[in-house]
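Structure first, commentary second.
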Amino acid sequence: MCVAACSGAPWSQIASLPPPTSLVPLPSNLAHARFARRYSSDDDWINDCFDKEDDINKDNFLIRTHWRMMLIGQKGAGMFNHKDTLQSSSFQTQVAGRKRWHICHDRESKYLYKAGMVNGFAPDYDKYPEALKATCFDQIVGTGEMIYYPKNYWHQTRNLDDVTISVSGTLVTQENTAGITKEFRRECDTTQRVRIFQPETRLCEGLEKCFKIWREKSWEEDLAAKLEDVMRGGGAEEREL
Ligand SMILES: O=C(O)CCC(=O)C(=O)O
Ligand SMILES: [Fe+2]
């Protein structure tokens, strides 16, 4: 797999990932600004759509979806090339060690066959010749660094150190709300093949409330507006308790 125009460039050539489009940069001098925190963390809406006291249901949601993970692994361990089922976006912070990532935009899907087939780190072009046409990114994320990938991006990983520790989180953003809602509704449809969870009434009822919250909330604009407000010298509203 090569980068840029693929004109004989070695597939392992390192390219910089484009800047994430769905994250609002937080200026460092605002690190302690008091932002309205309602729905600025997923814990906020998780408490709103699942009964705040219903820890079992909330845990069920977090565990079944792998909403947040701490990943600990040895050198050489990693995840095969795939796209995430829920059309969600994710970030991952490297806490210890380095992790190599191979990332491709959804539009490269036509060259990437099926999940797990093309090894982005050592593609077998005889077996998967279309992979030669794919434009992807090969990047090492070091300790203290963070990677973000939007919905439907292919990703493959390999730990480069003993021991590698990372923390991941799933994000609901404006750009993925429709897709993630569709995927969850599919999970809750008893006529569909089981993928990540057996439909469960309480979980699915809670999710319907989440969909409403996501639809009505313009996450990025809200945060961007708050940042602009603070930059203009305005005060951010207090967190609603
Ligand atoms: O960190 C890894 O090795 C893979 C993570 C991943 O595929 C994911 O969070 O969706
Ligand atoms: Fe994944």
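The values are calculated or read from the model by the stated rules, or taken from the named source; none is laboratory data. Predicted model, so just to flag it, every value in this text is computed and none were measured. Glycine gets a Cβ as well: all are built from the backbone with ideal geometry, and neighbour counts include every protein chain shown.
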In the range 124-153, how many residues are modelled with pLDDT under 95 and among the charged types (D, E, K, R)?
3
So if I check each of Lys83, Lys99, which one is within 11 Å of ligand 1 (Cβ to nearest atom), closer than 23 Å to Asp161 by Cβ, modelled with pLDDT of 95 or more and within 21 Å of the chain's Cα centre (by Cα)?
Lys99
Across (1) more than 10 Å from ligand 1 (Cβ to nearest atom); (2) in contact (Cβ under 8 Å) with a residue 24 or more places away in the chain, Asp59 clears everything bar (2)
Cβ pairs under 8 Å, 6+ apart, first in the range 169-182 and free of Cβ contacts under 8 Å to residues at least 40 places away in the same chain, second more than 16 Å from ligand 2 (Cβ to nearest atom)
Thr177/Trp214; Thr177/Arg215; Thr181/Phe211; Thr181/Trp214; Thr181/Arg215
Selected residue (criterion: nearest to ligand 1 (Cβ to nearest atom)) from residues of the range 149-198 that are among the hydrophobic types (A, V, I, L, M, F, W, C) and within 10 Å of the chain's Cα centre (by Cα):
Leu171
Within the range 90-102, tally of residues that are within 11 Å of ligand 2 (Cβ to nearest atom) and in contact (Cβ under 8 Å) with a residue 60 or more places away in the chain:
2
For Leu71, which of the numbered conditions (1) within 16 Å of ligand 2 (Cβ to nearest atom); (2) touching a Gly at 6+ places or on another chain (Cβ under 8 Å); (3) under 20 Å from Ser166 (Cβ atoms) fails to hold?
(2)
Note on the range 154-170: residues at pLDDT below 95, touching a helix residue (DSSP H, G or I) at 6+ places or on another chain (Cβ under 8 Å) and not small (Gly, Ala, Ser) are Thr170
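Given the structure, is Ser88 within 11 Å of ligand 1 (Cβ to nearest atom) and on the phi < 0 side of the Ramachandran plot?
In short, yes.
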